[in-house]
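The values are calculated or read from the model by the stated rules, or taken from the named source; none is laboratory data. Remember, predicted model here, so these are calculated numbers, not experimental data. Neighbour counts run over all protein chains shown; Cβ positions are idealised from the backbone, glycine included.
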Amino acid sequence: MAVETPTEIFRALGSPATALALAFLLDVTVSEFPERVHPVVWFGRVVGRFDREWRRPRATGLVLAVALPLAAGGTLAALTAIAFRAGAVFGTAVAALALFSTFSYRMLLSRASEVIALTESNAETARDNVHALVGRDADSLSPEQLRSAAVESAAENLADGLVGPVLAFAAGSQLSLAVGVGAAATLKAINTMDSMLGYHSKPVGSAAARLDDLVMWLPARASAVLLALAAWDPGAVGRGRPWADRPASPNSGWPMATLAAAASVKLSKPGAYTLNEIARYPTVEQANSCLRVVAIAGVLAVAAAAVLARAEVMVWL
């Protein structure tokens, strides 16, 4: 059996797959950076400075939608590349931390699980807590509708909080680990701008909303496929397809509709859309089963991205 040299070991440690595995491990164990040092929180504060009236809001919004995410991604890519000059181990650690900041997998599942559990014991608290997951008015939501909201959020945000960043990372890693980190950070920055500015009442955010729709087109549909595979029901994508266009977003309906089909449950935002209307709202047991499917889909996403990242054409550090 051949013995690996130190150079080969360091090269393996510096691989994109290693950085991705470490980032995912950090997410499932630590969950989030402290707010005071969270890169996404810092970026949100920068975006907040531009959330005001502008003489030409749409033109300004277009410039911001392109410049701010590229600046965020470029900064983390540069930090990763600089860190690698100090050694593969240090560079991989920095890359993993940067990538970890783009994930929200465990936090999403934990918050959804809390809301689902509270629907049995304290619906009022569940209504308060569901605001961390969805933006709808929860005052009149029944326990069943609160569980639906939690499941919808888990399915939809699987794409934003994990699948999108890992796919962007895997694609960028075809050039270098630093570019992969930058790609994931750029996509996360676009998501953040959309969540802060992408409303009809804020013309400056129209470009950010359209850009988010564009970059999330593939991750949303990939999430639907992963959810179907995680539920061991590949046909769920096709069965859910007729409902995927019902939400206003061109992307969010795909993972939600697929999960509704796979779990045979109704998911609904009152006054906006209903998916799988012939079924019933999820019970606590069914809602928790849906979260398990989302959790498995997340693991599949990371595994697939790791395989893609290991196939990098060249490494420029």
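Quick notes on this one:
- Residue in segment 306-313 that is surrounded by 17 or more Cβ atoms within 10 Å (Cβ to Cβ) and at pLDDT 95 or above present: no
- Residue tally, condition among the hydroxyl-bearing types (Ser, Thr, Tyr) and over 16 Å from GLY180 (Cβ atoms), over segment 17-33: 2
- Residue that is basic (Lys, Arg), surrounded by 18 or more Cβ atoms within 10 Å (Cβ to Cβ) and within 21 Å of SER148 (Cα to Cα), where the choices are ARG221, ARG280, ARG241: ARG221
- Tabulated pairs, segment 26-48, first modelled with pLDDT under 95 and loosely packed, with under 11 Cβ neighbours inside 10 Å, second not polar (S, T, N, Q) and not in a loop (DSSP other than H, G, I, E, B), C-beta under 8 angstrom, 6+ apart or interchain: GLU35/VAL41
- Within segment 217-259, if we keep just the residues that are touching a Phe, Trp or Tyr at 6+ places or on another chain (Cβ under 8 Å) and polar (S, T, N, Q), the residue that is farthest from ILE190 (Cα to Cα) turns out to be SER223.
- Filtered by the rule that a residue be in contact (Cβ under 8 Å) with a residue 12 or more places away in the chain and closer than 19 Å to LYS188 by Cβ, segment 49-70 gives PHE50, ASP51, GLY61, LEU64, ALA65, VAL66, LEU68, PRO69, LEU70.
- Checking VAL3 against (1) more than 20 Å from GLY180 (Cα to Cα); (2) at pLDDT 95 or above; (3) not in a helix (DSSP H, G or I), the condition it does not meet: (2)
- Which numbered condition ASP137 fails, given (1) at pLDDT below 95; (2) of a type in the set (D, E, K, R); (3) touching a helix residue (DSSP H, G or I) at 6+ places or on another chain (Cβ under 8 Å): (3)
- Qualifying position, being touching a Phe, Trp or Tyr at 6+ places or on another chain (Cβ under 8 Å) and within 30 Å of PRO16 (Cβ to Cβ), among ALA168, ALA178, ALA112, ALA155: ALA178
- When residues of segment 110-135 are limited to those that are surrounded by fewer than 16 Cβ atoms within 10 Å (Cβ to Cβ) and among the charged types (D, E, K, R), the one nearest to GLY240 (Cα to Cα): GLU120
- Any pair with Cβ under 7 angstrom, 6 or more apart, that starts in segment 79-92 at a residue that is within 17 Å of ALA183 (Cα to Cα) and ends at one that is surrounded by 14 or more Cβ atoms within 10 Å (Cβ to Cβ) and hydroxyl-bearing (Ser, Thr, Tyr): GLY91/THR80; THR92/THR18
- Only residues that are under 18 Å from the mean Cα position of the chain (by Cα) and either farther than 14 Å from MET256 by Cα or at pLDDT below 95 (or both) were counted in segment 281-294, giving 1.
- Residues that are more than 26 Å from GLY91 (Cβ to Cβ) and part of a loop (DSSP other than H, G, I, E, B), drawn from segment 14-66: ARG49, PHE50, ASP51, ARG52, GLU53, TRP54, ARG55, ARG56
- Within the option set PRO250, PRO255, being under 23 Å from GLY164 (Cβ atoms), surrounded by fewer than 24 Cβ atoms within 10 Å (Cβ to Cβ) and touching a residue at least 12 places away in the same chain (Cβ under 8 Å) holds for one residue only, PRO250.
- Among the residues here, LEU177 qualifies as closer than 14 Å to LEU76 by Cα, touching a helix residue (DSSP H, G or I) at 6+ places or on another chain (Cβ under 7 Å) and at pLDDT below 95.
- Residue within segment 98-106 that is outside any helix (DSSP H, G or I) and farther than 19 Å from ALA189 by Cα present: no
- Among the candidates LEU227, LEU214, residue that is of a type outside the set (D, E, K, R) and surrounded by 16 or more Cβ atoms within 10 Å (Cβ to Cβ): LEU227
- Screening segment 154-259 for helices (runs of 4 or more DSSP H) wholly inside it with 3 or more residues that are farther than 28 Å from ALA88 by Cβ returns the ranges 177-197, 206-215, 217-230, 236-240.
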